[in-house]
Structure formats: structure tokens, C-alpha cells
Amino acid sequence: MAGTLLFNALRDAIDEEMARDSLVCVMGEDVGQYGGSYKVTKDLYEKYGELRVLDTPIAENSFTGMAVGAAMTGLRPIVEGMNMGFLLLAFNQISNNMGMLRYTSGGNFTIPTVVRGPGGVGRQLGAEHSQRLEAYFHAVPGIKIVACSTPTNAKGLMKAAIRDNNPVLFFEHVLLYNLIEELPEGDYVCALDQADLVREGKDVTILTYSRMRQHCLKAVEQLETDGIDVELIDLISLKPFDMETIVRSIRKTHRVIVVEECMKTGGIGAELIALITEQCFDELDARPIRLSSQDIPTPYNGKLENFTIIQPHQIVEAAQQIVLKGL
Amino acid sequence: MSQKTSVSSDQSTAKPLAAGRHGERISTLISSKRAKIDRQIGLELFRDMTLGRRFEDKCAEMYYRGKMFGFVHLYNGQEAVSTGVIGAMKRQHDWFCSTYRDHVHALSAGVPAREVMSELFGKETGCSKGRGGSMHLFSQEHHLLGGFAFIGEGIPIALGAAFTSRYKRDALGDASSNAVTAAFFGDGTCNNGQFFECLNMAQLWQLPILFVVENNKWAIGMAHERATSEPEIWQKAAAFGMAGEEVDGMDVLAVRAATQRAIKRARAGEGPTLLECLTYRFRGHSLADPDELRAEEEKQFWAKRDPIKALEKDLTSDSLVRADELRAIEKEIDAEINDCVEFALAAAEPNPKELTRYIWAED
């Protein structure tokens, strides 16, 4: 059987869920006739019609709020951020209404919504199109945040996100859409709150997510030849963290490195390491290491862009340092 | 800054009418198409408006007595809008979306006074279980989509409810799906992007929604004429090819008639309406507002147009009802309000063990 590209895995997930439940609908810029800027909703407009796959004007805050209102009154909307960075313009609706409204309404309303789209640093897309909003949205109460990283988990997580009765921010990565993989047969879902133990190992735990999983896998290959046995965990759920899996791993390896694409200040790793030190400080044999992007707007120049985000060799060096030198 | 100074001095020296352009507009507005009502409807409208007025007066009393906290925005003076619009719609069928000035919309929508007052006291018996407060009243049962505290953010929510109506009718084939959504907001909101964005989408998709502008001239301390390049908000509908109408917001029968026309269009799938109700709030922006900018003459001008007194005059001069019947209603309302205060005072506060409840759908 031929493999499935990640963007098609997402498309299949949405297609299957729309066929399964007529309350599921998609709205966003160019999701309909155009099929989505990364083709995640290709052909769904023809299949489900213009109301279920709604092309919206360029009005992020308003159509995101519209999705909240539609969810409050019974629909299950999927909002596409053509680029997740554009959702900065919808920050108010995502925070105040998608995230907080169920609570402030004392449980009167539920907001079953998925907000999905491409984020991350691509190839020379410039600062505004290279954002990592997961850290910006991390403090919003009432929102689940997941990041897919393979065609298999992209499909299973998307289906789970659509079926979930809570708002889910679903991060895709511009450079992962063409990953290819054979998908499991049939209707399957992946748990939204469970980390993926990618590789078992005993020397050091590496925690990562989204595209950095690929960089970590490259580093792991190199480290294997050095005799360093890495336990690699893909967080999948950025909120809440699967602390059970994370703590279990650290109790085994006693060393931890977080590899992330978001900026260091106020990042995912910052929160994660704070939780790790709170929950298993005594288990650590070395200081935790954070490998994060530079605290700068992503530069356009390709060389500078590469220096902005973490590269595989830096992961190798950090692992060597923490395992071999105990630093 | 010099420009700002010259604008304000122009305003103070020009002295057109005491109430300014806003007052001129209502003075020259011809409410030719007022709703025809029977005795029963007349009594209901009077009852709803009186409940709104007296509920708010009681809120002020409770606030100053230290029973109520936070920001409390009262609706006095604007009752003809809430009663005129919601009274012409179907409760528990149509949807209503409000702002931070939401107590009276909630009452008109049918949320029991006990639940609203309890919410203001932060009690578990409140319509938002004491988690929302004055600016965040919600009731799924009564189709109240919420009180929204940031300017304009409720409009997209209302648009979403209207989208659901159309989706159920046209995507799911449910011919009975004809709920209309009323989105209430003020003149200050009409300079915000969400207002324009949602007008565009509502007309584009012919959604069953009624945009109700309660133009009370003041966005806290910012006079309408100082904030907008075109003060006649209803005219902005034309930019979207939408039906727009200006109505005397102190005349419940005029508001009712305009709403009935808009609802008829919306239910027939003929799209949205922008309804600008010229009104005035008799109190400050909130109970924390020193209200120093509004001229006494202006307040007097609008006080003479008290919508409840105007309705009473209509009802009694048409001999639809007798004055003593209205006094009896007032007595009933007073009893209801005393009851809701007693109920709210005696009600339990939320259990601290449930502090984190309602974050997630399953909880």
C-alpha cells in the first residue's frame, strides 16, 4: 500500500469526521473552493457544500468568534488559520470566548471547536509567517493544545480533536506536510493527552514536539554511534503535559533535555522544566537543558534562520555533555 | 492636542440644542410606524420595562450597601430597546446576545430575577453559578448567549448563532430552523472592526440576525460625535447592501414595530437588519463612573422622554388599561424584586472545592 502524505492524513481525518457527523463543519480563508492553502481541505467543498466548508472573508477575529457562537448553539466547527500566525488577530476570541466562556458561564455552554493550521519556522518565510503560537496561547485556560508530527498521529489526533467537546488548538508544521507514512487501517483515534514514547533508552530523556521530533531522530542516530542511549518522547499534548510519561522517563534516565522550536523566554520548555523541577527534582542527576529558538523575530536570510532554530548537531552536543560529562 | 482643545471649545461655544446632535436626531425623527398592540401585550411590555427599571434601581442600592461588587453597568433609560426587541421575538427559540450592560436583556429574555440577582451577588444560584458576575450573564435555557465585557466581541458570537440557524436549515435540511439572533451593542462598538466584519458576513450569507445598536450617545466619557465620522449608524448598513433603520429608542412601540419588520425578513431568509435605537442612559457608564461630562440640560432633555412614562401615557390615553392596573403591576414587581434580593442574600456561595469546575466540558 502506498503511503499517505501528512496533509492528506489530516484531510482524510476531516473528511471522515464530516461524513460521520453532519454538525462538523470547516470555516476559514480559502478552505473551500481553493481547498486550503496547504490543501488540507481539498475537494471537501465539492463534497459537502458551501455551508459545511465555508470560505470566509479575511476577518480572523470575527470568523473565529463566529465559530464559538456556532459551537455554543450546536455545531462542531473546525477553524483553519491559513497560517497560525494570523490567529494573533483572533487572540481575543480564542482567549476570552473559546477558552474562558464555558467557565464564566458556569457550565451553561460547551465550545466544541478545533482551531488548526500551519505554524513553525518554514523556509525563509519571514518573521510573521514563522511563528510558534503554542507558547503565546499556553496560559489560556480551557484550551487543549496538541502538535502533530507524523501522518499517523496527525490523522488520529485530528479525529480525536474533532470529537472532543472542548476547544483544541491543533498545531501543524509547514515543513511536515509532505512527510509520508503508511497509515493504520480503519477508524482510529490518538489520545489528545498522551505523549508518544518514540524511542526507549536509559541515558537521557529528550522531550520534544512537532518538527523538532525529526531533528531529534537525526541526533539520536548519531548518538547511537557514540553509545548514548536516548529515550525520546514526543510531547504531542502541549497542554496539559503528559506528566506521568515524562516523570516516569526521568526516574529512569535522571537527565532531561527539552528541544523546542518556540522561543526560549516564556516557552513550552520553560513551563515544562518548571514542572519537572517541581515534581521530580530529586531524580535529576544533572541540570535540565533547554534547547530553544533564539529570542528574536525569525530572520529572512536562510543562514541566519538556521542559526535561529535548533539544529541536530546541537542536540548531539547537549546529550554528550549531559551524559558523558554529567553537566 | 491643540486640535482636541479647539474641538471641545467649539462644542461648548456652538451650543446648538442642549442635547446636541443626538437630541436633534430624536427630536426630528418621525416614528410613523409604531406597533399596534392589544391590552395584553401592553401590560406585558409595561411589566417587562418596569421590572428592568426597578431591578436596576435595586442593584444600585445593593452596590452602595456593599452587597454587590465589581463593575456594574445599569440600563436605566434604555428599557424600550430590550423590551421592544426581545418582546417581539420568541423566547427560548430565538437567541439573544448582550454586552456588559446585560441585566435587563437577561430579564427580558426570561431569565428569572432570582437567578440574575444571585449572579450579581456571586452565588451558586446565579445564572452563571457565580462564576460570571454582572458582565457575564449566561443562560442556555433562555437562549442568552452571554454578557460580553469587551467591546464588540459578542457580535461574532451572535453571528455564529445565526449561522447555526442557517446551517440547520440549508445544510441539514431542517425546515423548522428559523431562529433569529438579536445582537445588542452600543454606539461605541460601531467604530470597532468586529462590527463591520460581521455586518459584511451577515449580509454576504443572508444570516438571520438583527444588529441592535443602543445609541446612548456616550461611550463612557467619549461622546458619539467625537468618536465617529458618521454619527448616523443606521446609514452604515447601506455600505453592505443591508437594510438599516433608525428608530426612537425611547418608544417601545416604535422599537417593537421595527423589530417585527426585521424579524419577518430574517425568518423568511431575507437577511439581516441594522437597527439603530436612539436612546440614553439615565445613569453613569457604571456605578463607578463619576459622570462628570454629561451636561445637566442633556440629562433633563432625555429624562422627559422616559420610555416607561411614555408607554403609560400611550396605554392610558388609548384606554387600553387603567392607571391603577399599572400601579398594581408595579407593586407585584416590587414584591418580585424584594423576593429575588432575599433569595440571593440567603443563597449559598459556590463551594471552593468546585473552584476548577466548568473549565472542561466533562466537568
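The values are calculated or read from the model by the stated rules, or taken from the named source; none is laboratory data. Keep in mind the model is a prediction, meaning the values are calculated, not measured. Every residue, glycine as well, gets a Cβ built from its backbone with ideal geometry; the counts of neighbours run over all protein chains shown.
Are any residues in the stretch B:1-58 at pLDDT below 95, aliphatic (A, V, I, L, M), closer than 25 Å to B:V213 by Cβ and not in a loop (DSSP other than H, G, I, E, B), and if so, which ones?
Across the stretch B:1-58, the qualifying residues are B:V7, B:I26.
Please count how many residues of the stretch B:177-197 are more than 13 Å from every other protein chain (Cβ to nearest Cβ), over 22 Å from A:P77 (Cβ atoms) and part of a loop (DSSP other than H, G, I, E, B).
Adding up the residues that qualify gives 1.
Looking at the stretch B:125-168 only, could you name the residues that are free of Cβ contacts under 8 Å to residues at least 40 places away in the same chain and more than 8 Å from chain A (Cβ to nearest Cβ)?
If the condition is that a residue be free of Cβ contacts under 8 Å to residues at least 40 places away in the same chain and more than 8 Å from chain A (Cβ to nearest Cβ), then B:L137 is the only one that fits.
Kindly indicate whether B:C97 is in contact (Cβ under 8 Å) with a residue 40 or more places away in the chain, touching a helix residue (DSSP H, G or I) at 6+ places or on another chain (Cβ under 6 Å) and within 14 Å of chain A (Cβ to nearest Cβ). Walk me through how you get there before you give the answer.
Values: in contact (Cβ under 8 Å) with a residue 40 or more places away in the chain: yes; touching a helix residue (DSSP H, G or I) at 6+ places or on another chain (Cβ under 6 Å): yes; within 14 Å of chain A (Cβ to nearest Cβ): yes.
Judged against the criteria, B:C97 is a match.
What do you reckon, is B:L315 of a type outside the set (D, E) and either surrounded by 15 or more Cβ atoms within 10 Å (Cβ to Cβ) or touching a residue at least 40 places away in the same chain (Cβ under 8 Å) (or both)? First the steps, then the outcome.
Details: of a type outside the set (D, E): yes; either surrounded by 15 or more Cβ atoms within 10 Å (Cβ to Cβ) or touching a residue at least 40 places away in the same chain (Cβ under 8 Å) (or both): yes.
In short, yes.
When only residues in the stretch A:256-304 that are among the hydroxyl-bearing types (S, T, Y) and assigned to a loop (DSSP other than H, G, I, E, B) count, which is nearest to A:I145 (Cα to Cα)? Walk me through it before giving the result.
Taking the stretch A:256-304 first, the residues among the hydroxyl-bearing types (S, T, Y) are A:265, A:277, A:292-293, A:298, A:300.
Retained after the next criterion (residues that are assigned to a loop (DSSP other than H, G, I, E, B)): A:265, A:298, A:300.
Numbers: A:T265: 19, A:T298: 23, A:Y300: 28 Å.
Across the stretch A:256-304, the extreme among qualifying residues is A:T265.
Quick one: in the stretch A:1-60, which of the residues that are at positive phi and within 14 Å of chain B (Cβ to nearest Cβ) is surrounded by the fewest Cβ atoms within 10 Å (Cβ to Cβ)?
Among residues in the stretch A:1-60 that are at positive phi and within 14 Å of chain B (Cβ to nearest Cβ), the one surrounded by the fewest Cβ atoms within 10 Å (Cβ to Cβ) is A:G49.
Restricting to the stretch B:198-220, and then to whatever is in contact with an Asp or Glu (Cβ under 8 Å, 6 or more places away or on another chain) and part of a loop (DSSP other than H, G, I, E, B), can you tell me which residue is nearest to B:T164 (Cα to Cα)?
Looking at residues that are in contact with an Asp or Glu (Cβ under 8 Å, 6 or more places away or on another chain) and part of a loop (DSSP other than H, G, I, E, B), I get B:Q206.
Within the stretch A:81-106, which residues are surrounded by 24 or more Cβ atoms within 10 Å (Cβ to Cβ) and more than 10 Å from every other protein chain (Cβ to nearest Cβ)?
Selection gives A:G81, A:M84, A:L87, A:I94, A:M98.
What number goes with the only condition from (1) within 14 Å of another protein chain (Cβ to nearest Cβ); (2) assigned to a loop (DSSP other than H, G, I, E, B); (3) in contact with an Asp or Glu (Cβ under 9 Å, 6 or more places away or on another chain) that A:F109 does not pass?
Among (1) within 14 Å of another protein chain (Cβ to nearest Cβ); (2) assigned to a loop (DSSP other than H, G, I, E, B); (3) in contact with an Asp or Glu (Cβ under 9 Å, 6 or more places away or on another chain), A:F109 violates only (3).
Please count how many residues of the stretch B:65-81 are within 21 Å of B:D339 (Cβ to Cβ) and part of a helix (DSSP H, G or I).
1
Take B:N200 and tell me if it is more than 30 Å from B:F343 (Cβ to Cβ), more than 9 Å from chain A (Cβ to nearest Cβ) and modelled with pLDDT of 95 or more. Step through it out loud before you land on a result.
Values: more than 30 Å from B:F343 (Cβ to Cβ): yes; more than 9 Å from chain A (Cβ to nearest Cβ): no; modelled with pLDDT of 95 or more: yes.
The answer is no for B:N200.
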